[in-house]
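K.L.:
Below you will find the structure I want to go over with you.
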Amino acid sequence: MIILTLESTCDETAAAVVTDQLEVLSSVVASQDKLHERFHGVVPEIAARAHVERILPVIDEAMLKSGKKLEELDAIAVANTPGLAGSLLVGLVAAKTLCVALNKPLVAINHLYAHIYACRIASGEEIFPCIGLIVSGGHSSLYHCHDPIQFDYLGGTIDDAAGEAFDKVASMLGLPYPGGPAVSKVALKGNPMAHRFPRSFLKDKDRLDFSFSGLKTAVRYEIAGPGRPDFENVKLSEQQIADIAASFQEAVVDCLVGKGQLAVKRTGVRRLCVGGGVAANRNLRERLEKAANDDSFQLHIAPISLCTDNAVMGAIAIERLKAGLIENLELDVVPGLIRQ
Ligand code: KG4
Ligand code: ZN
């Protein structure tokens with residue numbers, strides 16, 4: 001079986017051709033980072049328009065690189081949830097159009113489940129059942145993943161996602177977008193103990209939730225002082241920037257690792273799979289490895305190349321196709337998180 005997978009949930013336009021043996025025949029990702037850079041975050045309208053311009057060339061390139069013809073595809077799969085409404089629509093319309101024109105089945109992809117499936121593709125091993133921790137620009141969620149189709153929501157952020165916090169803190173510190181790589185780079189020279197930033201819910205053993213908006217505010221006050229909305233007259237030294245970046249990163253990592261450990265403990269599922277853009281963070285990866293060692297559970301972290309948005313992880317659609325889960329043309333986008 002060969003399928004084409006499409007990804008346009010946020011600001012990457014991506015297509016991949018994958019087989020039921022999880023062979024990747026091609027993978028193309030067109031990033032929009034340059035378009036959103038000056039806003040220090042994704043602007044939904046700009047993202048949607050850029051997807052419209054890129055989706056067909058990206059699909060063409062993915063098909064060409066795969067060496068396969070559209071007629072040879074067994075299905076077309078598309079991420080229809082969660083994400084930005086306008087961005088999701090572009091991928092969905094492209095996928096439906098191909099399905100109608102080629103008379104092929106349409107398969108839906110949950111983008112968050114796909115982030116976890118990146119671990120399955122990379123490891124070549126069975127990963128289910130597992131606890132899934134998705135940490136990205138838009139989401140920070142924990143799931144009990146029974147199999148590739150049945151995921152139960154355990155908890156997640158009640159406000160901002162971890163990646164969003166990295167992006168906004170980078171902006172406050174005068175670092176480039178996307179903020180995650182920039183913050184983690186300067187954090188290497190900083191002292192993670194320099195500032196004691198809040199770790200919301202970390203001590204609450206009844207909750208598997210996150211909250212990062214208070215942490216963002218704490219960083220803001222540390223830089224500018226309470227009640228001072230602008231940073232224009234604030235000049236931080238390189239060391240001060242590094243110390244704030246390192247202390248902020250430490251707080252985020254403490255929360256993500258702590259709740260990952262708690263989810264493993266609470267469910268008794270002794271395998272943790274981690275995906276999403278923030279999973280590219282070196283500090284987080286090291287701390288997760290230590291936690292897995294200390295608590296004796298199995299750990300899979302998506303390889304860096306499959307952490308940020310891509311269409312290869314959409315190979316999870318093969319599992320739905322095998323289970324006969326085909327969509328009709330009424331399939332719609334679901335921008336919000338489905339807590340099921
Ligand atoms: O999964 P992703 O590509 O997009 C969403 O689905 O949101 O994640 C993008 C996020 C951005 O917020 C970016 O700053 C963050 O992942 N990120 C990182 C790192 N690399 C990317 N955060 C922390 N450390 C990194 N090394
Ligand atoms: Zn994502």
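K.L.:
Collect the residues in region 102-130 that are over 27 Å from Lys216 (Cα atoms) and among the β-branched types (Val, Ile, Thr), keeping them in residue-number order.
P.N.:
Answer for region 102-130, where residues must be over 27 Å from Lys216 (Cα atoms) and among the β-branched types (Val, Ile, Thr): Val107, Ile109, Ile121, Ile127.
K.L.:
Right, another one. Among the residues that make up region 106-129, is at least one of them over 30 Å from Val269 (Cα atoms) and either more than 20 Å from the chain's Cα centre (by Cα) or not acidic (Asp, Glu) (or both)?
P.N.:
Yes, region 106-129 contains at least one residue that is over 30 Å from Val269 (Cα atoms) and either more than 20 Å from the chain's Cα centre (by Cα) or not acidic (Asp, Glu) (or both).
K.L.:
Answer yes if at least one residue in region 132-139 is within 18 Å of Leu321 (Cβ to Cβ), buried (at least 23 other Cβ atoms within 10 Å of the Cβ), out of contact with any Lys or Arg (no Cβ under 7 Å at 6 or more places or on another chain) and aliphatic (A, V, I, L, M), and no otherwise.
P.N.:
No, there is no match, as no residue in region 132-139 is within 18 Å of Leu321 (Cβ to Cβ), buried (at least 23 other Cβ atoms within 10 Å of the Cβ), out of contact with any Lys or Arg (no Cβ under 7 Å at 6 or more places or on another chain) and aliphatic (A, V, I, L, M).
K.L.:
Give the residue, chosen from Ala165, Ala122, that is open to solvent by 20 Å² or more (accessible area, probe 1.4 Å), part of a helix (DSSP H, G or I), closer than 25 Å to Glu286 by Cβ and within 16 Å of ligand 2 (Cβ to nearest atom).
P.N.:
Checking each option against the conditions leaves just Ala122.
K.L.:
For region 224-323, which fully contained helices (runs of 4 or more DSSP H) count at least 3 residues that are in the same structural domain as Cys145 (by TED's automatic domain parsing) and of a type in the set (S, T, N, Q)?
P.N.:
Qualifying helices (runs of 4 or more DSSP H): 238-267.
K.L.:
Take Leu208 and tell me if it is in a loop (DSSP other than H, G, I, E, B) and away from ligand 1 (no atom under 16 Å from the Cβ).
P.N.:
Considered against the rule, which asks whether it is in a loop (DSSP other than H, G, I, E, B) and away from ligand 1 (no atom under 16 Å from the Cβ), Leu208 comes out as yes.
K.L.:
Looking only at residues that are open to solvent by less than 10 Å² (accessible area, probe 1.4 Å) and farther than 16 Å from Leu325 by Cα in region 65-94, which one is nearest to ligand 2 (Cβ to nearest atom)?
P.N.:
This residue is Pro82.
K.L.:
Condition check: surrounded by 15 or more Cβ atoms within 10 Å (Cβ to Cβ) and either small (Gly, Ala, Ser) or over 19 Å from Val264 (Cβ atoms) (or both). Does Arg320 satisfy that?
P.N.:
Against the criterion (surrounded by 15 or more Cβ atoms within 10 Å (Cβ to Cβ) and either small (Gly, Ala, Ser) or over 19 Å from Val264 (Cβ atoms) (or both)), Arg320 qualifies.
K.L.:
Is it the case, given these coordinates, that Ala182 is within 17 Å of Gln249 (Cβ to Cβ) and either without any contact (Cβ under 8 Å) to a residue 24 or more places away in the chain or assigned to a helix (DSSP H, G or I) (or both)?
P.N.:
Spelling it out, Ala182 is indeed within 17 Å of Gln249 (Cβ to Cβ) and either without any contact (Cβ under 8 Å) to a residue 24 or more places away in the chain or assigned to a helix (DSSP H, G or I) (or both).
K.L.:
Now a separate question. Scan region 225-244 and tell me whether some residue there is within 16 Å of ligand 2 (Cβ to nearest atom) and either open to solvent by less than 30 Å² (accessible area, probe 1.4 Å) or of a type in the set (Val, Ile, Thr) (or both).
P.N.:
Checked against the condition, which is being within 16 Å of ligand 2 (Cβ to nearest atom) and either open to solvent by less than 30 Å² (accessible area, probe 1.4 Å) or of a type in the set (Val, Ile, Thr) (or both), region 225-244 yields no hits at all.
K.L.:
Does Leu188 satisfy the criteria of being open to solvent by less than 40 Å² (accessible area, probe 1.4 Å), out of contact with any Ser or Thr (no Cβ under 8 Å at 6 or more places or on another chain) and either more than 23 Å from Leu262 (Cα to Cα) or among the hydroxyl-bearing types (Ser, Thr, Tyr) (or both)?
P.N.:
no
K.L.:
Working only within region 146-162, note down all residues that are assigned to a strand (DSSP E or B) and away from ligand 1 (no atom under 15 Å from the Cβ).
P.N.:
Selection gives Phe151, Asp152, Tyr153, Leu154, Gly155.
K.L.:
Report whether or not Gly180 is within 13 Å of ligand 1 (Cβ to nearest atom), at pLDDT 95 or above and closer than 24 Å to Val58 by Cβ.
P.N.:
Criteria met by Gly180.
K.L.:
Next question, about the same structure. Looking at region 292-340, which of its residues are without any contact (Cβ under 8 Å) to a residue 40 or more places away in the chain, of a type in the set (A, V, I, L, M, F, W, C) and within 16 Å of ligand 1 (Cβ to nearest atom)?
P.N.:
Within region 292-340, just Ile304 meets the criteria.
K.L.:
Which one is farthest from ligand 2 (Cβ to nearest atom), of the residues in region 286-323 that are touching a strand residue (DSSP E or B) at 6+ places or on another chain (Cβ under 8 Å) and among the charged types (D, E, K, R)?
P.N.:
Glu289
K.L.:
Cβ-Cβ under 9 Å, sequence separation 6+ or interchain: first residue in region 1-18 and in contact (Cβ under 8 Å) with a residue 24 or more places away in the chain and closer than 16 Å to Thr97 by Cβ, partner among the hydroxyl-bearing types (Ser, Thr, Tyr) and crowded, with 24+ Cβ neighbours inside 10 Å. Which pairs?
P.N.:
Short answer, once both residue conditions are applied: Leu6/Thr13; Ser8/Ser87; Thr13/Ser87; Ala15/Thr5.
K.L.:
Condition check: within 16 Å of ligand 2 (Cβ to nearest atom), of a type outside the set (Val, Ile, Thr) and open to solvent by 10 Å² or more (accessible area, probe 1.4 Å). Does Ser27 satisfy that?
P.N.:
yes
K.L.:
What is the one condition in (1) within 11 Å of ligand 1 (Cβ to nearest atom); (2) surrounded by fewer than 23 Cβ atoms within 10 Å (Cβ to Cβ); (3) not polar (S, T, N, Q) that Lys104 does not satisfy?
P.N.:
Result: Lys104 passes all but (1).
The values are calculated or read from the model by the stated rules, or taken from the named source; none is laboratory data. Remember, predicted model here, so these are calculated numbers, not experimental data. All Cβ positions, glycine included, derive from the backbone under ideal geometry; neighbour counts span all protein chains shown. SASA here: full protein model, heavy atoms, side chains in, ligands and nucleic acids out. Shrake-Rupley method; radii C 1.70, N 1.55, O 1.52, S 1.80 Å.
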